[in-house]
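Student: Take a look at the following structure, please.
The values are calculated or read from the model by the stated rules, or taken from the named source; none is laboratory data. This structure is a prediction, so every number in the text was calculated from the model and none was measured. Cβ sites come from the backbone with ideal geometry, for glycine too, and all protein chains shown count toward neighbours.
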Number of protein chains: 2
Amino acid sequence: MALIVQKYGGTSVGDVDRIKNVARRALATQRAGNHVIVVVSAMSGETNRLLKLAQAASARPDEREQDVVAATGEQVTIGLTALAIQGLGGKARSFTGPQVGILTDSAFSKARIRSIDKERLQQALGRGEIAVVAGFQGEDEEGNITTLGRGGSDTTAVAVAAAIGADACEIYTDVDGVYTTDPNVVPAARKLHKISYEEMLELAGAGAKVLQIRSVEFAMKYNVPLWVKSSFTDDPGTLCCPEDPSMEQLVVSGIACDRNEAKVEIRGVTDKPGVAARIFKPLADANIVVDLIIQNVGHGGKADVSFTVGKTDLPKALEIVRRLADDLGTEKVETDDQIAKVSIVGVGMRNHAGVASKAFEVLAAAGINIAMISTSEIKVSMVIAAKFMELAVRELHTAFGLDAPEGA
Amino acid sequence: MALIVQKYGGTSVGDVDRIKNVARRALATQRAGNHVIVVVSAMSGETNRLLKLAQAASARPDEREQDVVAATGEQVTIGLTALAIQGLGGKARSFTGPQVGILTDSAFSKARIRSIDKERLQQALGRGEIAVVAGFQGEDEEGNITTLGRGGSDTTAVAVAAAIGADACEIYTDVDGVYTTDPNVVPAARKLHKISYEEMLELAGAGAKVLQIRSVEFAMKYNVPLWVKSSFTDDPGTLCCPEDPSMEQLVVSGIACDRNEAKVEIRGVTDKPGVAARIFKPLADANIVVDLIIQNVGHGGKADVSFTVGKTDLPKALEIVRRLADDLGTEKVETDDQIAKVSIVGVGMRNHAGVASKAFEVLAAAGINIAMISTSEIKVSMVIAAKFMELAVRELHTAFGLDAPEGA
């Protein structure tokens, strides 16, 4: 008898009929001889509706209170899902994050899970019930309600699977797996049967939306086999698991693209030790996530520093950088929000020199200029003009042999 | 420094603008030098919306899961109310029922409060915060979410006031106090400045909607001064308090009317000991609340038993009565759902014989037939045809001297 954790996102529980579908799938899994825990998100649109209400009540909503409001979205879904399972003749019991002992830190709106008390879940499974757990939420040591931030339900599912020693964690979404790239950009994109945690992490970090980074980190840390599946088809989906020798040995597994970043360029800063810290410490303190950073060692004691941030953080970042200008001896600050980041990811890269240089050649041949480059062991990211994004992804997809064979 | 509990119902928190009004009123009360605890209901319409979702998920919703869904309504309001107070520059903190230690029994959807842990509330007040508490909800000993049933937020407010020793509990609603009768029926109805707990209980039990019976019972038991006020005006409202000699010594304080009951008449049952128990035990077991009961001692070993129940319970009650027919030797069962109950209430009645007979005369003079009569120490209830309800209330209101003086 296996123990399966199934997580259903907002579109999979978007209305009562879809919730009944979820109930049917969970019951079928149980009747096939498994213990089943279901983790659900808020019905699609609900979290946004609740956050808008909070915004209307106070222009700068306190995050503790905002979490109290937002956490109700998932609470509604667990009740409805348990009811739908019961309506089909099954046994089910719902649990809020606090009820199932999901203890987090007190970073409201972006809390991190510290521990999960598996006892109540095990009792429910022991009674033959399907346990329905609210994603996205927990409580801190003082009993305050916390939320894990956007996409937090994936993290809840994997954390529950890790805590209870589940045999698999299935993430149901509106796509049927992980693709070599966004099928909307490249129709020839291919679905992967398997992908390593490391590759999935790099793809997620590079803009692929299919899984939340923290959930993949959790799965990797606790070795939880993670399936990405569609709640609307019976396709087996993509398995995200430890890298193994039998895995498809592609040099490149996927290409991610991301149009949500903007570039800040600080020209002519005084080139002395500690200058980077003086720029990036205040940005970190303001909770601005900086992605790519490039520093050109300059001439005449001056250097240029460029970095990318999320587009929504650009005004705040610019304000901080301008405030530092005198201190840094800055000559000029420029920004560009018409950029895209294209990333090539693959564990095979480790043993293949030349992936980066081949990528540069492909873009050069297509007449695309590269503004920034960043590499890791299994990833090459390039920042280009936004208008060239689709072209770049298509060219790279073909060049690295990822296009699906005819008729596939 | 006084400690005031303020309770705001669904229409008072019906949208974000109204919630801001609630925030202003709570802050004004605090700035006048009081400690303030605010208890709120779900935004109007929200509880119905949630219960409909539960009904859509399962035709016969399990009450534990239904409570999980329904309790989110109040949770949204506490967060928004705390945010609105903060938005106006005040300090506030929200608490769900479980967070403030409202321990109930496990009768889902109609749970009763067992105890309240006042420590967290006192800590919040000690920090200068307005504590915003979710009405209608609590948790049982196993940590399951429970709800107190319709109108339960009044009960929460009074229970919190009693637990923490508040100086007053103010119930804000869409009317500005307790009237001698429903002003929609009798335009000459007068607002009462004071009313005793006992009278308020009888009025509430007789159909006046202004306060929930359980909340009045709680207030009486713990001697909590209870104000009924409007959240839309600055009218002082009506004070519900222990009977005292200085209280307006009216023979009759108010007249209540209720069109939500139906009558069941069981004719010709075998008249032997225990027959009433054989009828009313199965009704109680089915959670049907029986109001008036009349048994006519019969002739030839046969008796007639009549009783009233809520209209919505009529089909269930009828099913039970028909099932018992053979056992009781019933000759005939008749029902009537076109009835109204008119009740006269007043502590002055105790010392005035003849209130009941005067009421019968008034109705007789108006040509209204009385189908059932029931009396208590401070109340006379009469069941009449529904179509005569308004007429009966108006005639009684005038006859007992309750009409407001001209120009009042």
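Student: Assess whether residue B:146 counts as being buried (at least 24 other Cβ atoms within 10 Å of the Cβ) and touching a Lys or Arg at 6+ places or on another chain (Cβ under 7 Å).
Tutor: Considered against the rule, which asks whether it is buried (at least 24 other Cβ atoms within 10 Å of the Cβ) and touching a Lys or Arg at 6+ places or on another chain (Cβ under 7 Å), residue B:146 comes out as no.
Student: For the condition assigned by TED's automatic domain parsing to the domain that holds residue A:387, modelled with pLDDT of 85 or more and over 28 Å from the mean Cα position of the chain (by Cα), what is the one hit in A:290, A:355, A:333?
Tutor: Answer to the selection: A:333.
Student: Got at least one residue in region A:68-80 being on the phi < 0 side of the Ramachandran plot and more than 25 Å from the chain's Cα centre (by Cα)?
Tutor: Within region A:68-80 (the criterion being on the phi < 0 side of the Ramachandran plot and more than 25 Å from the chain's Cα centre (by Cα)), the answer is yes, since at least one residue qualifies.
Student: Only residues that are in contact (Cβ under 8 Å) with a residue 60 or more places away in the chain and either over 18 Å from the mean Cα position of the chain (by Cα) or at negative phi (or both): list them for region B:129-146, please.
Tutor: Selection gives B:130, B:131, B:132, B:133, B:134, B:135, B:137, B:144, B:145, B:146.
Student: May I ask you to list the residues in region B:255-279 that are buried (at least 16 other Cβ atoms within 10 Å of the Cβ) and without any contact (Cβ under 8 Å) to a residue 40 or more places away in the chain?
Tutor: The answer is B:271, and nothing else.
Student: For region A:15-38, check the following and say yes or no: at least one residue is touching a Lys or Arg at 6+ places or on another chain (Cβ under 7 Å) and assigned by TED's automatic domain parsing to the domain that holds residue A:124.
Tutor: There is no residue in region A:15-38 that is touching a Lys or Arg at 6+ places or on another chain (Cβ under 7 Å) and assigned by TED's automatic domain parsing to the domain that holds residue A:124.
Student: Please verify whether residue A:82 is without any contact (Cβ under 8 Å) to a residue 24 or more places away in the chain and crowded, with 22+ Cβ neighbours inside 10 Å, treating the condition exactly as stated.
Tutor: no
Student: Still on this model: For region B:119-144, name all the residues that are within 18 Å of residue B:48 (Cα to Cα) and either more than 12 Å from chain A (Cβ to nearest Cβ) or out of contact with any Gly (no Cβ under 7 Å at 6 or more places or on another chain) (or both).
Tutor: Once the filter is applied, which keeps residues that are within 18 Å of residue B:48 (Cα to Cα) and either more than 12 Å from chain A (Cβ to nearest Cβ) or out of contact with any Gly (no Cβ under 7 Å at 6 or more places or on another chain) (or both), region B:119-144 yields B:135, B:136.
Student: Something else: Go through (1) away from chain A (no Cβ under 13 Å); (2) farther than 21 Å from residue B:227 by Cα; (3) buried (at least 24 other Cβ atoms within 10 Å of the Cβ) for residue B:154 and report which single condition fails.
Tutor: Against the list (1) away from chain A (no Cβ under 13 Å); (2) farther than 21 Å from residue B:227 by Cα; (3) buried (at least 24 other Cβ atoms within 10 Å of the Cβ), residue B:154 comes up short only on (2).
Student: Still on this structure: Yes or no: residue A:222 touching a strand residue (DSSP E or B) at 6+ places or on another chain (Cβ under 9 Å) and hydroxyl-bearing (Ser, Thr, Tyr)?
Tutor: Against the criterion (touching a strand residue (DSSP E or B) at 6+ places or on another chain (Cβ under 9 Å) and hydroxyl-bearing (Ser, Thr, Tyr)), residue A:222 does not qualify.
Student: Follow-up question, since we're still on this one. Restricting to strands (runs of 3 or more DSSP E) lying wholly in region B:227-274: which have 2 or more residues that are modelled with pLDDT of 85 or more and farther than 21 Å from residue B:333 by Cβ?
Tutor: B:238-241, B:254-258
Student: Which number in (1) among the acidic types (Asp, Glu); (2) more than 13 Å from every other protein chain (Cβ to nearest Cβ); (3) over 16 Å from residue A:149 (Cβ atoms) marks the one condition that residue A:105 misses?
Tutor: Every listed condition holds for residue A:105 apart from (3).
Student: Just need a number here: residues in region A:9-47 that are within 14 Å of chain B (Cβ to nearest Cβ) and either in a helix (DSSP H, G or I) or surrounded by 22 or more Cβ atoms within 10 Å (Cβ to Cβ) (or both).
Tutor: Result for region A:9-47: 18.
Student: For region A:332-390, name all the residues that are closer than 23 Å to residue A:268 by Cα and among the basic types (Lys, Arg).
Tutor: Residue satisfying the conditions is A:332 alone.
Student: I'd like to verify a number: residues in region A:128-158 that are closer than 16 Å to residue A:172 by Cα and of a type in the set (A, V, I, L, M, F, W, C), how many?
Tutor: 6
Student: Name the residue, out of A:93, A:64, that is touching a Phe, Trp or Tyr at 6+ places or on another chain (Cβ under 6 Å), facing chain B (nearest Cβ under 10 Å), among the charged types (D, E, K, R) and buried (at least 19 other Cβ atoms within 10 Å of the Cβ).
Tutor: After applying the criteria, what remains is A:64.
Student: Do you know which of the residues in region A:275-325 that are among the charged types (D, E, K, R) and part of a strand (DSSP E or B) is farthest from residue A:374 (Cα to Cα)?
Tutor: Top of the filtered list is A:302.
Student: Let me ask another. I'd like the full set of residues that are closer than 12 Å to residue A:110 by Cα and β-branched (Val, Ile, Thr), limited to region A:132-188.
Tutor: Selection gives A:145, A:146, A:147, A:155.
Student: Looking at region A:50-60 only, could you name the residues that are part of a helix (DSSP H, G or I), free of Cβ contacts under 8 Å to residues at least 12 places away in the same chain and either closer than 16 Å to residue A:148 by Cα or more than 7 Å from chain B (Cβ to nearest Cβ) (or both)?
Tutor: Those that are part of a helix (DSSP H, G or I), free of Cβ contacts under 8 Å to residues at least 12 places away in the same chain and either closer than 16 Å to residue A:148 by Cα or more than 7 Å from chain B (Cβ to nearest Cβ) (or both): A:52, A:55.
Yes/no per residue for (1) assigned by TED's automatic domain parsing to the domain that holds residue A:34; (2) without any contact (Cβ under 8 Å) to a residue 40 or more places away in the chain; (3) under 19 Å from residue A:97 (Cα atoms):
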site	(1), (2), (3)
A:148	yes, no, yes
A:189	no, no, no
A:195	no, no, no
A:208	no, no, no
A:214	no, no, yes
A:222	no, no, no
A:226	no, no, no
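Student: Let me confirm something: among B:168, B:82, B:124, B:134, which residue is in contact with a Pro (Cβ under 6 Å, 6 or more places away or on another chain), at pLDDT 95 or above and among the hydrophobic types (A, V, I, L, M, F, W, C)?
Tutor: Testing whether each residue is in contact with a Pro (Cβ under 6 Å, 6 or more places away or on another chain), at pLDDT 95 or above and among the hydrophobic types (A, V, I, L, M, F, W, C) leaves just B:168.
Student: I need the full set of residues from region A:14-43 which are among the small types (Gly, Ala, Ser) and more than 20 Å from residue A:95 (Cα to Cα), in order please.
Tutor: A:28, A:32, A:33
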